[in-house]
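A quick write-up on the structure given underneath.
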Amino acid sequence: MNLFKKTLLASAVAVISSGAMAVNVTPDNGTLQHSIEGISTAATVVGDDFTVVLGAEYKADDIITLTFSQPLAEGYTPPTTVTSTNVAVAEVTIGLLTGGAGDTELKYRVTNIDTTADTTTIGADLSFAGLSFEGDAVRSAKKVAVSYKAETNNGVELDKAIAPNSSTADLLAVTQQFATMVNTKFDGIIDVEADRKLFVTPANALANDDTIEVELTDAAQADISASLTGVTYTINGNFGFLDTDADTDGIQLGANTVVVDAGNVDSVEADKIVVSHTLAAPIILTLDVQEDVIIPAQKFSVDTAVVYDDAGTDGAGANVSEHTDTNAIADAGEWKLNGASIDVIYVPYGEAVEQFLWVTNKGSQDGVITVTAFDQNSVQYGPYTIGTSKANSLVRIADEVKDALEADGLTGERVQLNVTVNVPSDDVQVYAAYKVTADSDRLTLPTKKL
């Protein structure tokens, strides 16, 4: 090979290696961004315009194929011809061969190359605009991309992309707009030494209140998004203890308070507190127990409902629909006792019934035993301080509990007992049973550690 031919070959390799001779596909606006809520009912979803800059020498009858990751929309009409606009190089015109609405592929043929300005087709730009895609497919895939391929008329591939150029481009992306969460959970520790009427703080001080923070975030997208109407948070738990008037319907808070720093408290009910807001923002709810009531150990959850209008069937405001998206947050915190708490289910009392109640303490600390009873109408008796559970010991408390209940007028019905001991929960067990006095059989009662 002579020196002249070696020089030409080296130059060609250098050009190819540098990426100068390589196709490049780019979205004109950097990929359109839509929210899944905004396109909820869109029959078609628009994608970004894109441009293909040729990186090889094309000839008439070369084939160009555009492949889309999702089907083109029904009713979409692709351009039958596309002509390049870069006046510094040869003008390339392509004509549609196959593909259209509902397809994922458009195939074009090079129909003309005008070399008036220059003989090279490298740098010729082909632009494609106004693309739209099937709404259901876009909602499922959450993105649309286009890929480019060129071949000679006898099937030889040409003009492959070389980094940093690319033969593919993302035309649209879909993300979630609204999200609900619990930022701060209820975490009150109920103090058994304060008869379960106060919380104890990490600094070992007593407090009347606990807080929870919920939030809706709105990640509105640049191109198509939904419009927020409002959000509702339903905080699930046992809030019946806040009621100060059993004879009046609904929860009568008395001196107890349930307040938020934003939005509204819509209702306080026995099994839930409902809070709402028209904005996407954090909400801190503070529950303050000021009445002389027992705070129950329990776990909380939150159900959220976000109401919004989508961007219409065309993504631009036509035939807008309202939607409600719900979310269940299972863990919204917990109120625990700083001691053991055991429920004894349905203990019968009466002249012909004998009760058996034993508290076992297998730990190394002594603890005060407190018992509270609830009759079948949810009337509370106690709490009664029964005695002390000594470390590594067993104590019978049945007679003391019966005497306390009889002193308060309860003599002949079933009640639920709650036994608390201010020692670590794992150290305490309660055995419960009863028998009819005339019988010898002893029937075990179910217990539940809280």
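Taking the longest Cα principal axis of the chain as reference, the axis of helix 398-407 is set at about 80 degrees. Per-residue ellipticity at 222 nm for the chain, helices alone: DSSP H runs ≥ 4 residues times -39500 (n - 2.57), over residue total, nearest 500 deg cm²/dmol? Mean residue ellipticity at 222 nm (helix-derived): -2000 deg cm²/dmol.
Listed values for region 322-333 are Karplus-derived 3J(HN,Hα) couplings in whole Hz (6.51 cos²θ - 1.76 cosθ + 1.60, θ = phi - 60°), namely 8, 10, 10, 9, 10, 8, 10, 9, 5, 10, 10, x, and x replaces Gly and Pro.
Applying both filters, DSSP loop and at most 14 other Cβ atoms within 10 Å, to the trypsin sites (Lys or Arg not before Pro) of region 306-415 gives K362, K390. Here r is the Cβ-Cβ distance between E406 and A438 and R0 is 22 Å; the resulting FRET efficiency, rounded to 0.05, is 0.60.
What is the percent of Cα-Cα separations in region 41-167 that go past 18 Å? Cα-Cα pairs of region 41-167 separated by over 18 Å account for 53 percent.
If the convex hull of the alpha-carbon atoms of region 340-449 is projected onto planes in all directions, what is the mean projected area in square nanometres? Mind showing how you got there, number by number?
Numbers: hull surface 25.1 nm².
For region 340-449, averaging the hull's shadow over all directions gives 6.3 nm².
Across region 245-315, C-alpha contacts under 8 Å between residues 6 or more apart give a mean separation that, scaled by the residue count, equals a relative contact order of 28 percent.
Going by how many other beta carbons lie within 10 Å of each one, how would you line up S341, S425, fewest first? It would help to have the intermediate numbers written out before the result.
Numbers: S341 24, S425 18.
Least crowded to most crowded, the residues run S425, S341.
For region 340-449, the relative contact order works out to 46 percent when only alpha carbon pairs closer than 8 Å and six or more residues apart are counted. Distance between the pseudo-spin-label points of T111 and T98 (7 Å out from Cα toward the beta carbon): 1.8 nm.
A convex hull fitted around the alpha carbon atoms of the chain yields 273 Å³ per residue. Expressed in Å, the radius of gyration and Dmax of the Cα atoms of region 168-253 are 21.3, 71.
Sorted largest first, the principal axis extents computed over the alpha-carbon atoms of region 221-322 equal 58, 25, 22 Å.
Of all the Cα-Cα pairs you can form in region 104-150, what percent are over 14 Å apart?
Of all Cα-Cα distances in region 104-150, 67 percent exceed 14 Å.
Taking a sphere under 13 Å around the Cβ of A281 and counting the other residues whose Cβ falls inside, with K and R at +1 and D and E at -1, yields a net charge of -4. Hey, what angle do you get for helix 3-17 against the long axis of the chain, alpha-carbon based, 0 to 90 degrees rounded to 10? Between helix and principal axis, roughly 30 degrees.
Springs join every pair of Cα atoms under 10 Å in this Gaussian network model of the chain, and among T180, T26, T388 the largest mean-square fluctuation is at T388.
Between G409, G367, G123, the residue with the greatest mean-square fluctuation in the GNM of the chain (Cα pairs under 10 Å linked by springs) is G409.
Taken together, the values in this text are just the output of simple stated rules run on the coordinates, not laboratory data. The structure presented is a predicted model; accordingly, all values stated were derived computationally and were not measured. Please note: Cβ atoms are built from the backbone with ideal geometry, for glycine as well, and neighbour counts cover all protein chains shown.
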